[in-house]
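Below is one structure, written out as structure tokens; the observations come after it.
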Amino acid sequence: MESKVDALVLRTANYGEADKMITLFSLQKGKISAAAKGVRKAKAKLAFAAQPFCFAEYVLASRGERNTVVSAAATDGFYALREDIGKFYAAACVTGLCDALLLDGIVNEELFLRAVSALREMCEGDEAAALIGFFLHALALSGYEVQLSACAGCGAVLEGRCWFDAADGCFYCADCARGAGVSAVTVRTLQGCAAGEAGPFPPEGKARAVKLLYAYLREKTCAAVKAVDEYLALLGAP
Ligand SMILES: [Zn+2]
């Protein structure tokens, strides 16, 4: 049986002489795997469809649980992500987070659209800000929303140095002070990225914001995302 899906490549692995197994995040079927045959041969027509971050319409032949890529038409290859190491790693964080948060075969249209638009934003603008915005949405869609607007203790507007309780995903004001201290620049960066503000945001704020969100994700899910560790190292995270 053949079916068509709009999908983003999350991960690829070589197998056989010239084949790849690709993990796709599809709009219609959620996370699925598919064999891409012959794509490692020189001049393979479908080579592009088995590259990280490829966003394409895939025609899949399915037999039981097994899918094979029959053809693919590129929607967006996000090529700018391959030409800049920072953008490349930030994009790998987006696909890595999707991979970690999605269960096989569970449809999540909103996360899919958020991932595609984050990659688009990364091509054109500040990749760290796009990643932080995406990270916050991905956490919220997985049931781990981070409350950034008001102190969870007294309801005061959050500004200046705050506290973050990673057990419940809540920020606290200086008077309520629960959890670990978070610098004012980190809080401000998280709030700005959540609101989709254009920035610019200070590098230190961005590095610390990614680090805080990743620590929170790990606290909640134990999911390790290698790309986030690599990106944090690249940012020189404290
Ligand atoms: Zn408070």
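The values are calculated or read from the model by the stated rules, or taken from the named source; none is laboratory data. Here the structure is a predicted model, which means the values were calculated and not measured. For neighbour counting, all protein chains shown are included, and Cβ atoms are generated from backbone atoms with ideal geometry for every residue, glycine included.
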So residue 119, is it more than 18 Å from residue 195 (Cβ to Cβ), in contact with a Cys (Cβ under 7 Å, 6 or more places away or on another chain) and more than 16 Å from the ligand (Cβ to nearest atom): no
Subset of the stretch 32-81 that is surrounded by 15 or more Cβ atoms within 10 Å (Cβ to Cβ) and among the charged types (D, E, K, R) - its residue that is farthest from residue 1 (Cα to Cα): 40
Test: residue in the stretch 71-91 that is free of Cβ contacts under 8 Å to residues at least 60 places away in the same chain and within 18 Å of residue 137 (Cβ to Cβ): yes
Residue count for the stretch 1-14, restricted to those that are over 16 Å from residue 52 (Cα atoms) and either within 24 Å of the chain's Cα centre (by Cα) or assigned to a strand (DSSP E or B) (or both): 4
Filtered residues of the stretch 105-125 (kept if among the charged types (D, E, K, R) and either modelled with pLDDT of 95 or more or within 13 Å of the chain's Cα centre (by Cα) (or both)): 109, 110, 114, 120, 121
Failed condition for residue 102, given (1) over 19 Å from the mean Cα position of the chain (by Cα); (2) of a type outside the set (Gly, Ala, Ser); (3) at pLDDT below 95: (1)
The one condition in (1) in contact (Cβ under 8 Å) with a residue 60 or more places away in the chain; (2) under 16 Å from the mean Cα position of the chain (by Cα); (3) on the phi < 0 side of the Ramachandran plot that residue 24 fails to fulfil: (1)
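Yes/no per residue for (1) among the small types (Gly, Ala, Ser); (2) within 16 Å of the ligand (Cβ to nearest atom); (3) within 16 Å of the chain's Cα centre (by Cα); (4) surrounded by 15 or more Cβ atoms within 10 Å (Cβ to Cβ):
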| residue | (1), (2), (3), (4) |
| --- | --- |
| 128 | yes, no, yes, yes |
| 136 | no, no, yes, yes |
| 162 | no, yes, no, yes |
| 175 | no, yes, no, no |
| 180 | yes, yes, no, no |
| 196 | yes, no, yes, no |
| 201 | no, no, no, yes |
| 212 | no, no, yes, yes |
